[in-house]
Amino acid sequence: MIIKAVKFRENGFYSQPFAFGGEEGPAKFDPSVRYRGSLQNYLIDTGDEVILVDTGLPAGTPEENPDESSLAFTGKDICSYMEAFEALGYRPEQVTAILLTHKHADHSGELRSFPNAKIYVNEEELSAAELQGVSNIVPVSFTDGAYYNFPESQKIRDGITYIKAKGHTNGNSIVIVEDRGLFYMFHGDITYVDEALYEDKLSMVFDDLHAARVTQDRVREFIRNHPTVYCGTHTPQGYENLEAKRVMDLDDPVPTVPAEVDFTEKKASGRYVCSVCGYVYDPAENGGVAFEDLPDDWKCPRCRQGKDKFNRA
């Protein structure tokens, strides 16, 4: 089995209040501490099939232009998701299955680009705006019982299990691949950075805080009892762990590498991008209302996060 990262953004960051502040509140943490950010999803080549875990941002999603007050920044484009996918030596028609961790556009953006793939989706995500009009969806109801300490799972293929992991979204899921004695955990934003799992902190982004805590507790218990390579979407630690086959040891954290932050301003376009789900607010599509003039309690129409999660484009 071959597992590869599909890398399409780099040199982003996640502030400590964003990454750690879900339960205790962001004010408890230091906004000047910024952890490295990136965007990548994953590809599993079983030898018989090519299977994807998530499918990146939609082509054309603008880069964000963060400033000192930004809580998060998904990073600068390396290339589009589809360019990154094809650079690994595969063609879209080869993909037979896509395992979606959750609805947000940085995970679901190119689902329509894989015509032969069955798209496995937690049935609780089916009403999401991001999934409307997507064909070949296979709703998953997790009927295969427990997978170790996770109570609800679905076997997708030998050695590939889809696991219900509610919290970040109500339909959030995890994918675990077993190969040569290791467990590769591809998670739907259980944490944005590995430091949060080491420190046992929840991010500020969740649909259900209690469920997010239960899921993270289960993830940490699983990691303590199984040699697990922890593969995230939003930090280069995800692909670094994969490439090194590095087993996470919760009692011996990998040293933090500080984020290198560039706050060089670009010419303002008037558009703003949600750093959580990738939604683009364009005044031209919203009656000419500038983002700055929206009410303070305005929420992202996709992920329901506040204005503080948006960056200029």
So, of the residues in segment 1-35 that are charged (D, E, K, R) and surrounded by 24 or more Cβ atoms within 10 Å (Cβ to Cβ), which turns out to be farthest from Val214 (Cα to Cα)? Arg9
Determine which single condition Asp54 fails, assuming it passes every other condition in (1) charged (D, E, K, R); (2) touching a strand residue (DSSP E or B) at 6+ places or on another chain (Cβ under 6 Å); (3) buried (at least 21 other Cβ atoms within 10 Å of the Cβ); (4) within 27 Å of Gly270 (Cβ to Cβ). (4)
If we keep only residues of segment 272-295 that are closer than 20 Å to Glu68 by Cβ and part of a loop (DSSP other than H, G, I, E, B), then the residue farthest from the chain's Cα centre (by Cα) is Ser275
Answer yes if at least one residue in segment 61-68 is at pLDDT below 95, farther than 28 Å from Asp208 by Cβ and loosely packed, with under 14 Cβ neighbours inside 10 Å, and no otherwise. yes
Note on Ile223: of the conditions (1) under 30 Å from Pro151 (Cα atoms); (2) not in a loop (DSSP other than H, G, I, E, B); (3) not assigned by TED's automatic domain parsing to the domain that holds Ala128, unmet is (3)
Please go through segment 90-118 and give me each residue that is closer than 20 Å to Thr61 by Cβ and assigned to a strand (DSSP E or B), ordered by number. Ile98
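Here is a yes/no grid of residues against (1) among the polar types (S, T, N, Q); (2) modelled with pLDDT under 95:
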| position | (1), (2) |
| --- | --- |
| Lys201 | no, no |
| Thr228 | yes, no |
| Thr235 | yes, no |
| Leu242 | no, no |
| Ser269 | yes, yes |
| Pro283 | no, yes |
| Gly287 | no, yes |
Only one residue in Asp217, Asp252, Asp297, Asp293 is more than 28 Å from Asp77 (Cβ to Cβ), out of contact with any His (no Cβ under 9 Å at 6 or more places or on another chain) and assigned by TED's automatic domain parsing to the domain that holds Arg36, so which one is that? Asp217
How many of the residues in segment 61-89 are touching a residue at least 12 places away in the same chain (Cβ under 8 Å), among the acidic types (Asp, Glu) and either under 26 Å from Ser135 (Cβ atoms) or part of a strand (DSSP E or B) (or both)? 2
Expected single match for within 20 Å of Tyr162 (Cβ to Cβ) and charged (D, E, K, R) among Arg213, Arg246, Arg224, Arg218 is Arg218
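The values are calculated or read from the model by the stated rules, or taken from the named source; none is laboratory data. No experiment lies behind these values; they were computed from the predicted model shown. Counting neighbours? That spans all protein chains shown, and the Cβs are built from the backbone with ideal geometry, glycine included.
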